[in-house]
Amino acid sequence: MLRVALNELNDERGVAAVLRYLKVRSISSSDGSAESQLSDDSSERDAICSKVSYLLRSKESGARRGGMQLLAQTCSLYSEASFGASREKWCLSLLSTLTSDQESAADRAAASTALLSMLRTSAKWPTQRRE
């Protein structure tokens with residue numbers, strides 16, 4: 001089900017379906033934690049990371065904003081290895097959006113939200129904090 005939602009995710013409107021799926025899974029898990037669901041399945045984690053990277057590279061504003069929203073809402077679910085493998089390219093994309101005069105205010109706001117979420121997430125990992 002998650003893979004179907006990720007495959008159909010092409011813009012910010014589709015992010016809600018992925019997040020709904022993750023929330024339903026977390027509610028139905030034994031400890032109520034979405035984090036435990038993804039941390040045990042690296043293929044799902046990798047699929048989400050790949051989709052975020054794909055959306056952030058898009059030329060379509062709505063797709064990039066969807067990637068930023070997905071990143072902001074799910075980056076705390078990644079393992080340190082998954083986060084570290086994608087951190088640099090995500091940061092470059094987000095910083096590019098933040099510094100571009102041609103990006104809309106909504107795009108810059110989404111980029112800053114995603115970047116702040118990444119900073120909060122990386123704070124729990126000493127190696128990521130140093131990077």
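The values are calculated or read from the model by the stated rules, or taken from the named source; none is laboratory data. No experiment lies behind these values; they were computed from the predicted model shown. Here the Cβ positions follow ideal geometry from the backbone for every residue, glycine too, while neighbour counts run over all protein chains shown.
Tally time: how many residues in segment 38-62 are crowded, with 19+ Cβ neighbours inside 10 Å and modelled with pLDDT under 90? Full working, then the answer.
Just the residues of segment 38-62 that are crowded, with 19+ Cβ neighbours inside 10 Å, to begin with: 38, 45, 48-49, 51-52, 55-56.
From the residues that got through so far, the ones that are modelled with pLDDT under 90 too are 38, 45, 48-49, 51.
The qualifying residues number 5.
So which helices (runs of 4 or more DSSP H) stay within segment 80-131 end to end and still have 1 or more residues that are without any contact (Cβ under 8 Å) to a residue 60 or more places away in the chain, hydroxyl-bearing (S, T, Y) and closer than 15 Å to Y54 by Cα?
Numbers: elements: 80-99, 105-122, 126-130.
Because the criterion is at least 1 residues that are without any contact (Cβ under 8 Å) to a residue 60 or more places away in the chain, hydroxyl-bearing (S, T, Y) and closer than 15 Å to Y54 by Cα, the helices (runs of 4 or more DSSP H) in segment 80-131 that meet it are 80-99.
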Residues that are modelled with pLDDT of 95 or more, farther than 18 Å from K59 by Cα and either within 12 Å of the chain's Cα centre (by Cα) or small (G, A, S) (or both): does segment 78-100 have at least one? no
Please state which of the following conditions S26 fails to meet, knowing it meets all the rest: (1) touching a helix residue (DSSP H, G or I) at 6+ places or on another chain (Cβ under 6 Å); (2) surrounded by fewer than 18 Cβ atoms within 10 Å (Cβ to Cβ); (3) closer than 19 Å to N7 by Cα; (4) modelled with pLDDT under 85. (3)
